[in-house]
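Just below is one structure, and these are the notes that go with it.
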Amino acid sequence: MNQPPPIKIAIKNFRVFQGKEEALRGVTLDVPANRVLGIIGPAGSGKTTFLRALNRLNDLSPDTHIEGQVLLDGEDIYHPEYDVVSLRKRVGMLFALPVALPMSIYENVVYGPRLSGIRKRAQLDEIVERSLTSAFLWDEVKDRLQMSGLRLSGGQQQRLCLARVLAMDEAEVILLDEPCSGLDPISTAKIEDALTLLKSKYTIILVTNNTKQAARVADDTAFFLLGELVECGPTKKIFTVPDDKRTNEYVTGRFG
Amino acid sequence: MRISPKVAQILAVAVLGAATLLTLVVLVFVIVFVLVKGLPGVTWQFLSTAPLDMGKSGGIFPTLVGTVLLPLLAIAIALPLGVGTSVYLTEYTRENRFTQALRFGTDCLAGIPSIIFGLFGFIFFVVMLRMGWCLLSGALTLAIMVLPTIIRTSEEAIRAVPNAYREVSFSLGATRWETVLRVVLPNALPGIVTGVILGIGRSIGETAAVIFTAGSSLRMPTTVFDSVRTMSVHFYILAREGISNENAYATAAVLIISVLLINLVAYTMMHRFIAKRAK
């Protein structure tokens, strides 16, 4: 019963350079499977850079290079022969600003499955209903699936983005980059509820500017500062008796 | 003396309004002039029969066909090349010396007078490749001529597609090509269509480059290796050689109406497409 959960992602002495600047300065961290890891820290601490490194979205920005290793289920995702496309199907992402693609709600959800070659209408229909239900959006949109995703509210769009990730059969890890920063409290609560339910199936990493959100949702919390991982531990410990003085100052609101 | 903001505002409105009015008046005058002089000669007979006696009498049917086929073929050649180039420049390369040189080259190409393209087409396609004056020589020449316009407008349209869309697509496991096909091109389509309309407009009105490459045969083309005469060329020859002023104006009227119709159809199609996506 007290066996430690298996490690989903192991990050080893990982550095990211953007041009000459070192955005991430040697992070070593194990992310256990089927838990929610919260990442907190002031602006510019490398949280987003860290998150985007985990599905190699940083590859898209010019003059970014990395050192160190990120192992997903023991495999180095930065190995030259590693298949980035399959990595991104396994490691889904939600962005700070909800981005519905300019197509129907239905097409938004099946974007990933279609790429994986699923064509059968019945199967796609089933995926749409299941994913939207898991994202707590089904009841609101089930009668207008052909409507453009752009016409949904911000909170609905963010849940649509979540459904889009959940629609991918291959998804195992969900990265969330301040997913609620622009949302109202009710939408935020819906996303948080969804995450709490989803962790039985997925490993979730949640970057948040809102320390209270980390306290509510995360099982473990990591505190980043100026590109360094200051400390990581069970959320309760980080918020009550952290090892590092700086963590204590941040979570009690003395800076940041 | 400083002009008070109020007076400046009134002046600005007056000057800008006058400029707009002048532009409109010139435009309307040209169109009305040509239509008044030409429309009486436009009959079903005129549209549907072949010219007689070098165009002194009879209709313009073969030139109508030539005017449709030549730009159509030119766009069919230029569109894949142009869109392909702009996708490559925007999605597959980072800004560097090479892309800058390419862009500079296309901009220069856009500014070259059409008669130079005509001369090039004549020397290269008609003479060197022994294709003769024909539909294909003309279409290839026009394609080169409209290529810069299509590349530039497509490139701008593609750049205007929000980067967030691309990131989302990548994050859902799409390759670059899948992202181009499913997200970038559909969203850039209205801009690309604008480029195509401009290209069609330019090739329909083109005379110099066409005379040199497609020739001016009045016979009905049956293959792409037949010479054709477009309405612009027909109009030019009728007027230049003093063959028939009435028929020249009638041809011009048909030409103007065709251009208006093409623009109308293209814009309607585009708006319908945009409306469908934003539903």
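What number, rounded to the nearest 500 deg cm²/dmol, is the helix-based mean residue ellipticity at 222 nm of chain A, given -39500 (n - 2.57) per DSSP H run of at least four residues and division by all its residues?
On the way: 11 runs with 90 residues, N = 256.
-9500 deg cm²/dmol, from helical runs alone.
Tabulate in residue order the Karplus-calculated ³J(HN,Hα) for the stretch A:177-187, using 6.51 cos²θ - 1.76 cosθ + 1.60 with θ = phi - 60°, rounded to whole Hz; enter x for Gly and Pro.
9, 6, x, 10, 4, x, 9, 6, x, 6, 4
Name the GluC sites (Glu not before Pro) in the stretch A:49-116 that are in a loop by DSSP and that have at most 14 other C-beta atoms within 10 Å, would you? It would help to have the intermediate numbers written out before the result.
Working: sites: A:GLU67, A:GLU75, A:GLU81, A:GLU107; in loops: A:GLU81.
Passing both the DSSP loop test and the Cβ count: A:GLU81.
Which chymotrypsin sites (Phe, Trp or Tyr not before Pro) does the stretch A:194-256 hold that lie in a coil by DSSP with at most 16 other beta carbons within 10 Å?
Working: sites: A:TYR202, A:PHE223, A:PHE224, A:PHE239, A:TYR250, A:PHE255; in loops: A:TYR202, A:PHE255.
Sparse-neighbourhood loop chymotrypsin sites (Phe, Trp or Tyr not before Pro): A:PHE255.
Please label the shape of chain A as rounded, prolate or oblate, based on the square roots a ≥ b ≥ c of the eigenvalues of the alpha-carbon gyration tensor (a/c under 1.5 means rounded; beyond that, a/b larger than b/c means prolate, else oblate). Spell out each step's value before the answer.
Working: a/c = 1.76, a/b = 1.41, b/c = 1.25.
Since a/c reaches 1.5 and a/b is larger than b/c, the shape of chain A is classed as prolate.
Just order A:57-64, A:147-154, B:61-68 by mean Cβ neighbour count inside 10 Å, highest at the front, would you?
Final packing ranking: B:61-68, A:147-154, A:57-64.
Give the lysines whose C-alpha is closer than 27 Å to that of A:LYS12, dropping any in the same chain fewer than 8 places away, or say none.
In chain and number order, the partners are A:LYS20, A:LYS47, A:LYS89, A:LYS199, A:LYS201, A:LYS236, A:LYS237, A:LYS245.
Take the alpha carbon gyration tensor of the protein assembly as shown, find the square roots of its eigenvalues, order them as a ≥ b ≥ c, and report rounded if a/c is under 1.5; if not, report prolate when a/b exceeds b/c, else oblate. Could you put the intermediate results ahead of the total?
On the way: a/c = 2.63, a/b = 2.44, b/c = 1.08.
In terms of gyration-tensor shape, prolate.
Could you work out the mean count of beta carbons from other protein chains within 10 Å of each residue's beta carbon in B:175-184? Display every interim value, and only then the final one.
Values: counts 4, 2, 0, 4, 1, 0, 0, 6, 4, 0.
Partner Cβ neighbours, averaged per residue: 2.
Residues of A:87-93, mean number of Cβ from any other protein chain within 10 Å of their own Cβ, rounded to a whole number? Could you put the intermediate results ahead of the total?
Values: counts 1, 7, 4, 1, 2, 3, 5.
For peptide A:87-93, the averaged partner shielding equals 3.
Output ³J(HN,Hα) for the stretch B:148-157: one whole-Hz value per residue in order, computed from phi by the Karplus curve 6.51 cos²θ - 1.76 cosθ + 1.60 with θ = phi - 60°, and x for Gly and Pro.
For the stretch B:148-157, the Karplus curve yields x, 4, 5, 4, 5, 5, 5, 4, 5, 5 Hz.
List the residues whose amide H sits under 5 Å from the amide H of A:THR221, counting only those 5 or more places along or on another chain, with H placed 1.01 Å from N in the peptide plane.
Those lying under 5 Å, H to H, from A:THR221 are A:GLY38, A:GLY233, A:THR235.
Report, by chain and number, residues whose modeled amide H sits under 5 Å from the one on B:GLY58, excluding near sequence neighbours (fewer than 5 apart, same chain).
B:LEU52
Taking the Cα centre of chain A as origin, sum charge times position over the Cβ atoms of Lys and Arg (+1) and Asp and Glu (-1), and report the length of that vector in debye to the nearest 20. Before the final figure, lay out the partial values.
On the way: 32 positive and 33 negative charges, 89 e Å.
Dipole size: approximately 420 debye.
If I model a spin label as a point 7 Å beyond the Cα along the Cα-Cβ vector, how far apart are those points for B:ILE112 and A:ALA33 in nm?
Output for this residue pair reads 6.3 nm.
Would you calculate a helix-derived [θ] at 222 nm for chain B, using -39,500 (n - 2.57) for each DSSP H run of n ≥ 4 and dividing by the full residue count, to the nearest 500? Spell out each step's value before the answer.
On the way: 12 runs with 197 residues, N = 279.
So the helix-based figure for chain B works out to -23500 deg cm²/dmol.
Just need the relative contact order of chain B here, percent rounded to a whole number, with Cα pairs under 8 Å and 6+ apart.
Details: 363 pairs, mean separation 75.8, N = 279.
Relative contact order for chain B comes out at 27 percent.
Could you give the dipole magnitude of the protein assembly as shown about its Cα centre, charging the beta-carbon of Lys and Arg +1 and that of Asp and Glu -1, in debye to the nearest 20? Present the calculation step by step, with values, prior to reporting the outcome.
Details: 53 positive and 45 negative charges, 200 e Å.
Computed about the Cα centre, the dipole is about 960 debye.
When a/c is below 1.5 the answer is rounded, else prolate if a/b is larger than b/c, else oblate, so apply that to the stretch B:44-277 with a ≥ b ≥ c taken from the square roots of the Cα gyration tensor eigenvalues. Don't jump to the answer; show the numbers that get you there.
Values: a/c = 2.82, a/b = 1.85, b/c = 1.52.
Verdict is prolate for the stretch B:44-277.
Quick note: the coordinates plus some simple rules give every number you see, no bench work behind them. None of these values were measured; they are calculated from a predicted model. Here Cβ is always computed from backbone atoms with ideal geometry, including for glycine, and neighbour counts include all displayed protein chains.
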